[in-house]
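Asks: Following this message is one structure expressed as structure tokens.
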Amino acid sequence: MIELDDGARLRTWTTGSGRPVVMLHGGPGLPDYLAPVAGIIDDLCLVHRYDQRGTGGSAWQGEHTIGRHVRDLALLLDAWGHDRVVLVGHSYGTNLAGYFLLAHPERVAGLIQIAGPFLEPWREADRAAQRARRTDEQQARLDELEAIGRRTDAEEIEFLTLKWFTDHADRSRAWDWALASARMLRPVNYVMNARLNAAAKADPLEARVAELRERLPPGAVIIGGAGDSRPADALRRLGRRLDCEVVIIQDAGHFPWLEAPDQFATVLRAAVERRPG
């Protein structure tokens with residue numbers, strides 16, 4: 001547990017040794033789930049992970065802002081004793097990494113983005129792909145559960161599973177993966193989710209791509225899955241705008257370490273090994 005300047009205490013994990021890497025999990029509003037990803041590279045580097053404030057073991061209530069979460073990361077780097085680190089973001093964590101890069105480019109030695117950031121336009125294609133992966137009955141049940149003001153624990157697990165199973169390209173295993181996540185990653189901090197999503201709309205990364213390109217560290221890479229419901233073309237488009245490498249893994253969805261573990265490990269390890277120290 002690391003205490004920050006406002007008294008908030010964040011749960012953290014550290015494994016491995018060598019050049020420092022910090023992993024930023026997605027959500028917003030979920031606890032960390034990136035231990036399997038850390039395990040792929042912690043023989044190569046020192047890997048830090050943490051539950052963002054308001055999630056998991058980082059209990060906290062208050063106003064969530066992008067600026068506060070960026071400051072949290074800067075204070076964690078200070079506590080860990082690192083001037084510069086390689087950031088590895090996943091999903092929403094790629095957005096947080098982007099905002100941190102804009103605020104503190106001197107502290108980012110390398111940037112590895114997994115399944116994001118997705119900059120507009122992409123949502124319409126994502127919704128269409130998700131809908132196509134649900135039966136009419138599944139969609140009706142999802143809508144019914146979403147309309148409930150206070151779901152029971154069983155209803156919440158069912159709701160999250162129905163929302164998340166469309167993230168996976170492997171349709172034969174998608175439900176089991178989503179169900180496991182729904183059981184593990186509760187409770188979801190929906191207040192945090194709403195506030196940070198609103199903050200991102202007020203200060204969209206889409207409007208700051210030129211600044212991101214100026215601050216991008218050498219060798220930055222975006223890794224995506226061809227079978228993600230979110231369109232891989234959006235990542236390719238961003239890569240062209242940032243002039244950075246984009247690797248799209250076939251037969252993988254939003255969590256490529258689950259569906260294409262060997263290919264993902266090869267790409268991630270290569271990305272880490274060529275990052276500056």
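The values are calculated or read from the model by the stated rules, or taken from the named source; none is laboratory data. This structure is a prediction, so every number in the text was calculated from the model and none was measured. Please note: Cβ atoms are built from the backbone with ideal geometry, for glycine as well, and neighbour counts cover all protein chains shown. These area figures cover heavy atoms from the full protein model, side chains too; ligands, DNA and RNA do not enter into them. Shrake-Rupley method; radii C 1.70, N 1.55, O 1.52, S 1.80 Å.
Asks: Among residues belonging to segment 247-265 that are part of a strand (DSSP E or B) and closer than 22 Å to Ala128 by Cβ, point out the one that is most open to solvent (accessible area, probe 1.4 Å).
Replies: The selected residue is Ile248.
Asks: Looking at segment 1-59, which of its residues are touching a residue at least 40 places away in the same chain (Cβ under 8 Å), farther than 17 Å from Gly110 by Cα, open to solvent by 10 Å² or more (accessible area, probe 1.4 Å) and not in a loop (DSSP other than H, G, I, E, B)?
Replies: Correct list: Ile2, Arg9, Thr12, Thr14, Pro36, Ile40.
Asks: In the set Glu120, Glu106, Glu124, which member is charged (D, E, K, R) and either touching a residue at least 40 places away in the same chain (Cβ under 8 Å) or in contact with a strand residue (DSSP E or B) (Cβ under 6 Å, 6 or more places away or on another chain) (or both)?
Replies: Sole residue among the options that is charged (D, E, K, R) and either touching a residue at least 40 places away in the same chain (Cβ under 8 Å) or in contact with a strand residue (DSSP E or B) (Cβ under 6 Å, 6 or more places away or on another chain) (or both): Glu120.
Asks: Just give me the residues in segment 213-240 being among the acidic types (Asp, Glu), surrounded by fewer than 17 Cβ atoms within 10 Å (Cβ to Cβ) and within 22 Å of Trp257 (Cα to Cα), in sequence order.
Replies: Selection gives Asp233 alone.
Asks: Can you spot a residue in segment 161-172 that is open to solvent by 30 Å² or more (accessible area, probe 1.4 Å), closer than 23 Å to Gln61 by Cβ and in a helix (DSSP H, G or I)?
Replies: no
Asks: Among the numbered conditions (1) over 17 Å from Leu24 (Cβ atoms); (2) modelled with pLDDT of 95 or more, tell me where Pro218 comes up short.
Replies: (2) is the only condition that Pro218 fails.
Asks: Considering segment 63-91 alone, what residues qualify as being touching a residue at least 12 places away in the same chain (Cβ under 8 Å) and at positive phi?
Replies: Selection gives Ser91 alone.
Asks: Let me ask you something else. Which of the residues that make up segment 82-138 are open to solvent by 10 Å² or more (accessible area, probe 1.4 Å), of a type in the set (Gly, Ala, Ser) and not in a helix (DSSP H, G or I)?
Replies: Passing the criteria: only Ser91.
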